[in-house]
Each structure stands twice: as structure tokens, then as C-alpha cells.
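Each remark here refers to the structure printed beneath this line.
FYI, it's all coordinate maths here, none of it is from the lab. Bear in mind that the values here come from a model prediction, so they are computed numbers and not experimental data. Don't worry about glycine lacking a Cβ; one is built from the backbone with ideal geometry, like all the others, and counts go over all protein chains shown.
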Amino acid sequence: MPGPFTGRTIGDLAQDLRHGRTTPAELTELALDAIAGPGAELNAFVTVDARGAIAAARQAGDELARGADRGPLHGIPVAVKDLVMVAGLPMTMGSRHFAGHVAPADAACVTRLRQAGAVIVGTTTTHEFAYGPTGDLSATGPVRNPRDPARMTGGSSAGSAAAVAAGLVPLAVGTDTGGSVRIPAALCGVAGFKPAYGAIPADGVFPLARSFDHVGVLAGGAEDCLLAYRCLTGGRESGAATEGARVAWLDPAGMSAVDPQVVRLARAAAGTVEEVRPAEGLVEALRETFHAMQSCEAAAVHAERLEASPELYEPETLQRLRAAAEMPGWRYVRAVDSRAGLAEAAGALFERHEVLALPAVPLTAPLLGQRETEIDGTPVPVRAALLALTSPWNVLGLPALSVPAGAVDGLPVGLQLVCRPGAERQLFHVARTVAAQV
């Protein structure tokens with residue numbers, strides 16, 4: 001379902017604004033009409049702030065008219081995940097626990113969006129408390145994939161991915177604890193970038209697991225993710241292409257069961273020849289570290305709510321949190337202690353290459369509510385499959401980007417690119433090459 005921003009980059013929109021071919025108010029009206037109209041069936045938005053968005057758009061237009069240019073996001077409609085504080089708007093975290101709750105202030109990333117002149121049109125549906133990669137479990141119902149409304153978007157930044165994929169907005173903010181930006185980006189056919197840990201401040205974001213929580217962005221393509229990333233981090237790089245980025249294909253077979261068609265498309269998009277493999281036991285150690293730390297930290301966040309009002313959780317969320325609360329503390333301590341060693345072991349993957357390439361997700365979008373599936377003849381839980389190729393990079397805090405790599409039977413496939421902090425230029429250079437090939 002193409003929307004008003006389908007196929008329109010932020011760069012193109014910025015040029016239209018500066019040459020008088022459109023105004024921020026007109027772009028905002030397009031977004032609001034699409035959200036209320038054809039986009040409504042996707043359930044991508046929890047709250048639409050029409051009055052606030054129109055006022056902000058008029059202010060942005062007035063500023064541009066008098067030559068006060070805040071940069072590439074000035075006058076651009078943006079959506080924000082309903083896990084991130086937007087002053088004066090409801091903030092529910094996708095749960096009945098926070099029905100009627102209103103954010104008292106802006107999160108740090110929202111402040112930076114406003115400083116960049118972006119127009120916030122509303123908040124997008126999240127999997128309840130961001131505790132799930134499927135995106136189909138929320139107090140307000142499941143988010144539907146624009147490519148096939150019977151299928152899930154992936155999560156937990158489900159509404160943000162659906163809003164961008166449907167062309168309702170050109171840019172959305174998400175969060176990523178184990179893949180929650182990259183998974184829905186891959187399943188919906190858009191780009192999703194998780195910067196290095198802490199690159200975009202998480203102040204004002206409701207936590208899932210503080211050690212792994214990242215703020216990220218979703219857009220139609222990698223270049224728009226880069227624009228947003230620079231605005232949100234104060235980056236002043238020119239964006240000139242970096243030549244000669246060395247890329248290695250990281251064989252996903254040792255990390256998860258993978259659909260051969262997904263592998264074929266992702267590897268063709270990467271265009272790489274040399275292959276690397278993780279050291280024996282590394283993937284399993286990263287997975288165990290992620291599970292132990294996320295479980296204990298999530299249980300700590302929810303301890304009082306679990307005790308006082310367990311009935312307000314969705315049953316699946318409640319079951320997962322109760323299981324998380326059973327994680328022994330000694331496993332958390334060991335996991336924390338192991339991270340430095342795991343980072344050193346993973347560093348060997350980058351000895352000869354700046355960028356690693358692998359699928360973002362090992363399968364295409366499952367059906368809404370589906371919790372078991374089969375990949376290449378192997379039965380697997382959907383949740384485990386969705387997280388298998390993304391969560392290691394949260395443990396390591398590395399920048400990771402998912403970009404479209406084609407489709408299998410009309411359902412998108414994502415290519416994941418991973419680098420060390422400081423090599424983001426090379427990462428986005430490779431993404432440009434991929435976009436030119438796909």
C-alpha cells in the first residue's frame with residue numbers, strides 16, 4: 001500500500017522544501033491524512049498529535065521562509081515509538097499498565113529531533129514493553145505488515161517500521177535491545193539502523209534491559225538513516241563515500257537455521273566473496289549472555305508491577321517476565337563478567353575487514369500470532385529465530401544496519417551490515433553499494 005512518502009527520500013523532500021515546491025505544513029497534512037485513512041488498518045500508530053504537528057509544521061515553515069535552516073530534518077514529519085517520551089502525549093509502552101499515562105517531558109532524542117526542526121506527528125505501536133520481536137502483542141492490538149496485512153511486522157519497533165514501509169512518514173524512531181529496529185526493518189522492507197551503544201542517548205526511553213537498550217532509526221533507505229543519525233548525534237561528517245571498505249560474509253549457518261532463499265538474496269546483495277566464521281562457542285556464549293542479562297534486567301524493571309498487578313499484562317508477556325524472574329543472580333554476574341572476553345573474541349572477525357555482512361533475519365515475515373515455524377526442514381520457535389542474527393551485536397554494542405535485499409514470494413529480506421564503532425562511514429558506503437545493486 002503506497003503512501004505519500006513511498007519512494008521519496010528525506011533528501012528529496014528537503015530539496016522540495018527549500019525550493020518552494022512544498023511546505024512543512026503540506027507534508028504534515030499528507031502524513032496525517034494517510035495515517036487516518038489507508039494507513040489506519042495497519043495499527044501503526046497509538047497516538048496522532050494532529051494539532052501539535054500542524055503547529056510545529058507552521059513554525060518550521062516560518063523559520064525556513066526567513067532563512068533559519070536547521071538542517072535536513074527541518075520540516076520533515078517523523079514518528080516516535082510509544083516507548084519514548086514525547087511531552088504531553090500518552091505513553092503506554094503498549095500495555096494496560098500505563099493506560100492514561102502522559103509523558104511529562106521529551107526524551108533526549110526527541111529534544112534533538114525538535115532542535116533539528118523535525119515535526120513529530122505521533123507515537124507508534126510497540127510490542128508490549130518492547131519485550132518481544134514479533135510486534136503483534138500490544139494492548140491496542142497487533143501491527144500489520146504493509147506487504148501482507150496477515151503477517152507480522154516484527155518488533156518491537158513494529159509501528160515505526162510499518163509507518164515507514166507504508167509511506168505514512170519518511171522517518172521513525174525505534175529502540176533496539178536485541179534487534180527491535182533491524183528485525184521489523186527487514187520484515188517490512190525498509191532500512192533500520194542501530195548505532196553503537198550510547199551513541200544516541202536513551203534518557204527518557206522506558207527500559208527493557210539497560211545494558212543492551214539502543215535508540216535507533218528507521219527510514220526508506222540507508223541514506224536517510226544516516227541523515228537522521230547525524231542529526232541525533234550532532235555528527236558533522238560530510239557524508240562523502242569511503243572507498244575500499246573491506247566486507248566479509250559471516251556465515252549464518254552456525255548461528256541459526258536459515259532459509260536458503262534468504263541466504264541467497266542477502267549474499268548476492270552483499271556482493272562479498274571472502275567468508276569468515278565465528279570462533280567455536282562464541283555464538284552460543286553471546287546468546288547465553290544476552291539471555292541471562294536481558295532476563296534479569298527486565299525482571300528488575302517489572303518486579304513491582306509483577307507483584308501488584310500481573311493481570312494487566314498480556315498473558316505471553318506475563319509468562320516471559322515470570323520466567324525471567326527465575327533467572328539465578330549468579331548467571332547474571334557471570335554474564336556481565338564475560339562480556340569483555342566475548343568482545344575480544346568477536347574482534348577477531350574484524351581483523352581483516354571493516355564490515356561484516358549476514359542476513360538480518362533468517363526467514364520472511366511469519367503470520368500474525370505464529371509462534372512456531374519451520375526453516376529448511378527444522379522446527380524453530382519464531383521468537384528465537386527472529387533474534388538469532390541480531391542479538392549478538394547488542395551484547396557487543398556494535399553499530400548494525402539492516403537494508404532491503406530483495407524479496408521471497410513478495411516478502412522482504414534484509415541484509416545486515418555490522419561494524420566496529422568508528423567505522424560507520426564504511427558501513428554506509430557498503431549500504432550505498434547494496435542499494436545500487438538491489
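Peptides 108-117, 341-350, 382-391 ranked from most to least packed, by the mean per-residue count of other Cβ atoms within 10 Å: 382-391, 108-117, 341-350. When peptides 316-326, 246-256, 216-226 are ranked by their average number of other Cβ atoms within 10 Å per residue, the highest-first order is 216-226, 246-256, 316-326. Computed on the stretch 83-192, with alpha-carbon pairs under 8 angstrom and 6+ residues apart, the relative contact order is 20 percent. Every Cα-Cα pair of the stretch 155-260 was included, and the share exceeding 16 Å stands at 62 percent.
Sort the stretch 96-179 into rounded, prolate or oblate with this rule: let a ≥ b ≥ c be the square roots of the eigenvalues of the Cα gyration tensor; rounded if a/c is under 1.5, and if a/c is not under 1.5, prolate when a/b is larger than b/c, oblate otherwise. Here the stretch 96-179 falls in the oblate category.
Packing here is the average count of other Cβ atoms within 10 Å per residue, and on that basis the peptides 370-379, 28-37, highest first, run 28-37, 370-379. Could you tell me whether the stretch 189-238 comes out rounded, prolate or oblate from its Cα gyration tensor? Rule is a ≥ b ≥ c as square roots of the eigenvalues, rounded for a/c under 1.5, then prolate if a/b exceeds b/c, otherwise oblate. It comes out oblate by the Cα gyration axes. For the stretch 177-236, the list of trypsin sites (Lys or Arg not before Pro) that fall in a loop by DSSP and count at most 15 other C-beta atoms within 10 angstrom reads ARG210, ARG236. A helix-only calculation puts the chain at -12000 deg cm²/dmol for mean residue ellipticity at 222 nm, using -39500 (n - 2.57) for each DSSP H run of at least four residues, averaged over all residues.
Given Cα pairs under 8 Å that are at least 6 residues apart, what percent is the relative contact order of the stretch 253-381? RCO, the stretch 253-381: 44 percent. With a cut-off of 14 Å between beta carbons, the residues surrounding LEU137 carry a summed charge of 0, where Lys and Arg count +1 and Asp and Glu -1.
Near GLY254, within a Cβ-to-Cβ distance under 12 Å, what is the net charge of the other residues, with Lys and Arg +1 and Asp and Glu -1? Neighbour charge sum, excluding GLY254 itself: -2. Over the C-alpha trace of the stretch 292-424, radius of gyration and Dmax come out as 17.9, 53 angstrom. Using only Cα coordinates, the Kirkwood hydrodynamic radius of the stretch 5-144 works out to 15.6 Å. Per residue, the convex hull spanned by the Cα atoms of the stretch 301-359 amounts to 135 cubic angstrom. Given their separation in residues at 0.36 nm each and the Cα-Cα distance between them, ASP33 and GLU304 gain 93.5 nm when the chain is fully extended. Over the stretch 263-345, the alpha carbon radius of gyration divided by the compact-protein estimate 2.2 N^0.38 Å works out to 1.53. Rg over Rh for the chain works out to 0.95, both radii taken from alpha-carbon positions and Rh defined as the Kirkwood radius. Once you sort the root eigenvalues of the Cα gyration tensor of the stretch 205-323 as a ≥ b ≥ c, which label holds: rounded (a/c under 1.5), prolate (a/b larger than b/c) or oblate (the other case)? Taking the square roots of the gyration eigenvalues as a ≥ b ≥ c, the stretch 205-323 is oblate. Placing +1 on each Lys and Arg Cβ and -1 on each Asp and Glu Cβ, with no other charges, gives the chain a dipole about its Cα centre of roughly 580 debye.
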